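Chemist: The structure that follows is given in the form of structure tokens.
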Amino acid sequence: MVRRVIKIRLSIIFILTTLNSFAQKDFQGKAYYESKTTVDMTNFGGGQLSEERKKQIADRMKSALEKTFILNFNQSESLYKEEERLDAPGQGRGFRFGMMSSTGGDLYKNVKSQQLLQEQEFFGKQFLVKDSLSKLDWQLGSETKTIGQYTCFKATAVKQVTGFDFNSFRRGPSNEKPKDSTNTQNDENNDNTETPRKVFVTAWYAPQIPVNQGPDVYWGLPGLILELNVDRTTILCSKIILNPSEKEVIKMPSKGKEVSQTEYDKIVNKKTEEMREMFRGRGGRR
């Protein structure tokens with residue numbers, strides 16, 4: 001009984017100490033994340049590519065889609081940026097593949113003012129996406145798991161895919177309809193009116209770090225998100241530093257033509273459709 005009372009008192013002291021550290025006006029943290037994305041090559045190229053060629057493309061894309069990010073955060077702001085690395089010859093920063101070129105730059109979130117800012121480079125043009133934070137309808141669960149020294153709780157949500165969607169781009173010629181399509185008419189214009197794809201999101205957050213921040217565009221949980229699984233992408237926190245000795249100023253991105261998220265998505269989708277049509281044309285001449 002005495003040991004139990006001591007254990008409870010120690011737990012209370014730990015919780016109060018943790019909350020007190022987060023109550024500091026100059027509190028800051030830094031989290032490192034490893035991001036990996038896989039690509040389904042099953043129908044890539046509309047059946048025009050050999051299995052060997054598909055494997056070569058998959059290997060190249062795997063390297064391009066494995067990245068390390070750093071999230072600097074305080075109680076209201078965060079800045080998510082890719083960690084600089086020395087690339088092998090022929091590889092560039094961000095996502096570069098063939099004629100497609102899309103690089104996500106620094107991403108700033110302010111949960112107090114509900115503001116999002118992100119630098120985006122698309123086909124050589126620089127944009128500054130400025131919009132309100134997108135809210136997900138998180139469903140909080142009771143399932144837990146340990147990540148590092150933190151006990152994390154599971155939360156799930158459903159998200160609508162916007163902007164560039166590789167699963168849409170890789171479809172074959174227009175007469176090849178998705179498996180779940182109910183339209184039997186051969187109407188090429190239907191590609192522009194497809195229902196946006198939705199993906200399932202699973203997050204693991206740590207209440208011991210009581211900030212509602214997370215990697216990429218994700219936020220809104222009662223604790224820092226340490227792991228995310230979104231469609232074919234997994235983002236996992238590998239290291240956390242709380243109250244580092246050297247404080248970093250969280251700067252708001254400012255480079256590029258200012259557009260809303262909706263405007264940027266339209267630009268990306270329009271260019272993606274142009275690329276799809278170009279690849280269809282190439283396939284038709286073979």
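Chemist: Filter segment 218-271 for residues that are among the small types (Gly, Ala, Ser) and closer than 13 Å to Leu71 by Cα and give the result.
Modeler: Within segment 218-271, just Ser238 meets the criteria.
Chemist: Keeping to segment 200-234, report how many residues are of a type outside the set (Phe, Trp, Tyr) and either part of a loop (DSSP other than H, G, I, E, B) or touching a helix residue (DSSP H, G or I) at 6+ places or on another chain (Cβ under 9 Å) (or both).
Modeler: Residues in segment 200-234 being of a type outside the set (Phe, Trp, Tyr) and either part of a loop (DSSP other than H, G, I, E, B) or touching a helix residue (DSSP H, G or I) at 6+ places or on another chain (Cβ under 9 Å) (or both): 17 in total.
Chemist: Specify the residue that is surrounded by the most Cβ atoms within 10 Å (Cβ to Cβ); the eligible residues are those in segment 212-232 that are over 24 Å from Gln115 (Cβ atoms) and charged (D, E, K, R).
Modeler: Glu227
Chemist: Let me ask something else. Looking only at residues that are at pLDDT 90 or above and of a type in the set (Lys, Arg) in segment 238-265, which one is least open to solvent (accessible area, probe 1.4 Å)?
Modeler: So the residue we want is Lys239.
Chemist: If we keep just the residues of segment 77-130 that are among the acidic types (Asp, Glu) and open to solvent by 70 Å² or more (accessible area, probe 1.4 Å), which is modelled with the highest pLDDT?
Modeler: Glu83
Chemist: Looking at Ile209, Ile235, which is the one that is touching a residue at least 24 places away in the same chain (Cβ under 8 Å), closer than 21 Å to Asp106 by Cα and open to solvent by less than 40 Å² (accessible area, probe 1.4 Å)?
Modeler: Only one candidate qualifies: Ile235.
Chemist: Name the one entry in Thr146, Thr68 that is within 17 Å of Ala31 (Cβ to Cβ), out of contact with any helix residue (DSSP H, G or I) (no Cβ under 9 Å at 6 or more places or on another chain), modelled with pLDDT of 95 or more and open to solvent by 30 Å² or more (accessible area, probe 1.4 Å).
Modeler: Among Thr146, Thr68, only Thr146 is within 17 Å of Ala31 (Cβ to Cβ), out of contact with any helix residue (DSSP H, G or I) (no Cβ under 9 Å at 6 or more places or on another chain), modelled with pLDDT of 95 or more and open to solvent by 30 Å² or more (accessible area, probe 1.4 Å).
Chemist: Return the pair list, or none, for Cβ contacts closer than 7 Å from residues in segment 60-77 that are in a strand (DSSP E or B) to residues that are among the hydrophobic types (A, V, I, L, M, F, W, C) and at pLDDT below 95, at least 6 apart or on different chains.
Modeler: Asn72/Ile250; Glu77/Ile250
Chemist: Would you check which residues across segment 21-60 are open to solvent by less than 30 Å² (accessible area, probe 1.4 Å), closer than 23 Å to Arg232 by Cβ and at pLDDT below 70 and list them?
Modeler: Met41, Phe44, Gly46, Lys54
The values are calculated or read from the model by the stated rules, or taken from the named source; none is laboratory data. Model, not experiment: these values are computed from the prediction. When we count neighbours, we look across all protein chains shown, and the Cβ atoms used for this are built from the backbone with ideal geometry, even at glycine. Ligands, DNA and RNA are stripped out before the accessible areas are found, and what is left, the full protein with its side chains, is counted by its heavy atoms. Shrake-Rupley method; radii C 1.70, N 1.55, O 1.52, S 1.80 Å.
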